[in-house]
Amino acid sequence: FGGYSLLAGGVMASRPPLSHNEEQLYKKWFSDLAGPDARIPGKQAATFLAKSSLPNPQLRTIWDECDTACTGSIDQHAFFLAMRLIALAQNGQAPTAAHCASLHA
């Protein structure tokens, strides 16, 4: 992702809330990608998420966790969740929303 680690230090602890640096970075990325409806279209999101170098089936699983309404686009909350799930996967953990419950608080 443009030379940035998804998580500060690249380490996942026990699903802490987003750090200030993560939140600011994710907000910037979201702002860069989102349309006027404050959503990122699926095709554009797929291109961005592919930069994680995760395999496509894993990215599909992450997308399905984030686009639960099957709208074909994601809002800021879902984008932040996708970023956290990608970080989990990059750290060898199962990328499921259950691991990121603190983001829903």
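Values in this text are rule-based calculations from the coordinates and carry no lab data. Small disclaimer: the values here were computed from a predicted structure and weren't measured. When we count neighbours, we look across all protein chains shown, and the Cβ atoms used for this are built from the backbone with ideal geometry, even at glycine.
Modelled label positions at R60 and Q24, each set 7 Å beyond Cα in the direction of Cβ, lie 3.8 nm from each other. Gain on full extension, evaluated as 0.36 nm per residue between A50 and L33 minus their Cα-Cα distance, stands at 4.7 nm.
Mean sequence separation of contacting Cα pairs (under 8 Å, at least six apart), scaled by the length of the range 23-79, corresponds to a relative contact order of 42 percent.
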